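Since every read-out is calculated from the coordinates, none of them should be taken as a lab result. Just so we're clear, the structure is a prediction, and the values are computed from it rather than from any experiment. Don't worry about glycine lacking a Cβ; one is built from the backbone with ideal geometry, like all the others, and counts go over all protein chains shown.
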Amino acid sequence: MEEFNYSLAKFLPFQDEEECTRVRKIKKEEICKHPNPDFKIRIIEKPEDFYLEFALDIVGRIRKANELNKKIVVIFPVGPMPQYPVAVSLINKFKISCKNLISFNMDEYANEKGESAPVNWPGSFQKTMREEFFLKIDADLRPPENQIHFPTTDVLSSYGKMIEDLGGADVCYGGIGWCGHIAFWEAHLGEEFGDDLDSYKKAGPRCVELHPMTIMQNALHSFSGDWSWVPPKANTIGPAQIIGAKDRSFWLDGYLGGGISWQRFIARLVAYGRVNTLVPGSILQTVPGTYTILSGVAENVEIIMK
């Protein structure tokens with residue numbers, strides 16, 4: 001194969017070409033062999049099994065908290081969404097009370113002024129989580145409204161403390177963005193911290209400018225490809241809330257079918273690239289947690305011209 005040399009596009013925050021080349025070569029059969037035994041990677045072959053396992057993880061933790069008669073503090077993401085209806089079905093079928101559940105959503109969209117999206121806007125994470133999860137739980141099983149929290153403008157400055165005052169999250173669920181973000185903690189925010197990982201891991205909730213890759217990713221999966229419809233900013237938790245959780249459970253399902261996955265490379269860079277502030281998800285390597293990958297995402301990184 002003839003060699004063709006070129007530099008990375010300048011808008012990409014992470015510019016280490018050698019590291020990108022190294023992780024790109026990690027094969028599917030190697031991806032679960034992480035050197036940190038506490039960072040557990042697994043592959044699930046079928047989407048229906050993936051979302052069932054995700055739902056079972058959520059429901060199992062709630063059920064265990066009930067058995068211990070204790071509150072469970074959970075940080076939830078909005079996407080991917082298919083696990084929530086499955087979880088609701090299990091909760092309602094087996095009459096699992098969610099009265100002990102205290103929920104904190106990871107993020108919420110905001111406008112250019114930093115004003116968070118209202119609950120009745122169709123793209124609002126508050127609206128989506130209520131309609132697809134909380135309000136579908138039978139009324140007698142549903143968590144009280146005062147135990148459901150979102151990082152809206154009025155509480156953003158105290159959002160981290162709200163979680164800390166409860167002893168931190170018992171589990172933080174999440175995914176990985178195209179630029180490597182966790183929650184909406186974007187890749188370019190690392191420029192503020194440089195190599196100071198200690199300070200980076202202590203950073204808390206804030207309103208952030210969304211990276212162009214995030215705008216395009218979210219346009220693709222939530223806005224019918226209309227990048228003009230995606231808000232420019234978002235309120236988000238920071239690394240402190242993710243690192244501070246007692247456990248982390250991250251799920252990667254960015255497979256579009258036909259052999260195409262937008263998440264295939266970034267899954268590897270996050271899990272196997274050097275830990276750094278320009279690839280936010282890379283800090284997951286430093287703490288215990290699970291990293292579950294849909295098979296279509298785990299496939300080898302290749303050029304596909306079909």
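Think of region 17-296 as a dipole: +1 on every Lys or Arg Cβ, -1 on every Asp or Glu Cβ, centred on the Cα centre; then among G244, P47, A267, P47 lies furthest on the positive end.
Go ahead and run the numbers for FRET between I260 and T21, Cβ-Cβ distance against an R0 of 30 Å, rounding to 0.05.
Between I260 and T21 the formula returns 0.90.
Treating r as the C-beta distance of N36 and K246 and R0 as 25 Å, the FRET efficiency rounds to 0.90.
Here the chain is described by how far its Cα atoms reach on the three principal axes: 65, 42, 38 Å, from widest to narrowest.
When a/c is below 1.5 the answer is rounded, else prolate if a/b is larger than b/c, else oblate, so apply that to region 204-257 with a ≥ b ≥ c taken from the square roots of the Cα gyration tensor eigenvalues. Judged from the Cα gyration tensor, region 204-257 comes out oblate (a/c at least 1.5, b/c at or above a/b). Among the DSSP beta bridges whose two residues both lie in region 17-296, what percent are antiparallel, rounded to the nearest 5? Rounded to the nearest five, the antiparallel share is 35 percent.
Relative to the compact globular guide of 2.2 N^0.38 Å, what is the alpha carbon radius of gyration of region 84-131, as a ratio? Walk me through the numbers on the way to the answer.
Working: Rg = 14.0 Å, N = 48, 2.2 N^0.38 = 9.6 Å.
After normalising by residue count via 2.2 N^0.38 Å, the value is 1.47.
Amide hydrogen proximity for N300: with H placed 1.01 Å from N in the peptide plane, the residues at 5 or more positions away or on another chain lying under 5 Å are K28.
What does the charge count around Y272 come to, taking other residues whose C-beta lies under 11 Å from its C-beta (Lys +1, Arg +1, Asp -1, Glu -1)? Summing Lys/Arg as +1 and Asp/Glu as -1 gives +4.
Going down the table (K27/K201; K71/K99; K70/K201; K64/K246; K99/K246), which pairs top 18 Å between alpha carbons?
Distance filter (> 18 Å) returns K27/K201; K70/K201; K99/K246.
Can you show me the helix-derived [θ] at 222 nm for the chain, built from DSSP H runs with n ≥ 4 at -39,500 (n - 2.57) apiece and divided by the number of residues, rounded to the nearest 500.
Values: 10 runs with 92 residues, N = 306.
Mean residue ellipticity at 222 nm (helix-derived): -8500 deg cm²/dmol.
Evaluated at q = 0.10, 0.11, 0.13, 0.19 Å⁻¹, a Debye calculation over the C-alpha positions of region 1-95 (equal weights, vacuum) places log10 I(q)/I(0) at -0.51, -0.60, -0.75, -1.07.
Hey, what does the equivalent ellipsoid look like for region 52-198, semi-axes from the Cα gyration tensor as sqrt of 5 times each eigenvalue, largest first, whole Å?
On the way: eigenvalues 146, 61, 48 Å².
Ellipsoid half-lengths, sorted descending, are 27, 18, 16 Å.
Label sites at W121 and K161, each approximated as a point 7 angstrom past Cα along Cα to Cβ, lie 2.6 nm apart.
When N is the residue count of region 103-168, what does its C-alpha Rg come to as a fraction of 2.2 N^0.38 Å?
On the way: Rg = 12.7 Å, N = 66, 2.2 N^0.38 = 10.8 Å.
Relative to the rule-of-thumb radius for its length, region 103-168 sits at 1.18.
Couplings for region 96-109, taken from phi via the Karplus curve 6.51 cos²θ - 1.76 cosθ + 1.60 with θ = phi - 60°, read 8, 5, 10, 5, 8, 7, 10, 9, 10, 6, 4, 7, 7, 4 Hz in order; Gly and Pro are left as x.
Tell me, what is a quarter of the convex hull surface for the C-alpha atoms of region 159-299, in nm² with one decimal? Spell out each step's value before the answer.
On the way: hull surface 33.6 nm².
Averaged projected area of region 159-299's Cα convex hull equals 8.4 nm².
Reported value for region 225-306: 136 Å³ per residue, from the convex hull of its C-alpha atoms. Backbone amide hydrogens, once placed in the peptide plane, bring N105 within less than 5 Å of F76, H149, F150, excluding anything fewer than 5 places away on its chain. Within region 84-187, list the trypsin sites (Lys or Arg not before Pro) lying in a DSSP loop whose Cβ has at most 12 other Cβ atoms in a 10 Å radius. Those satisfying the criteria are K95, K113.
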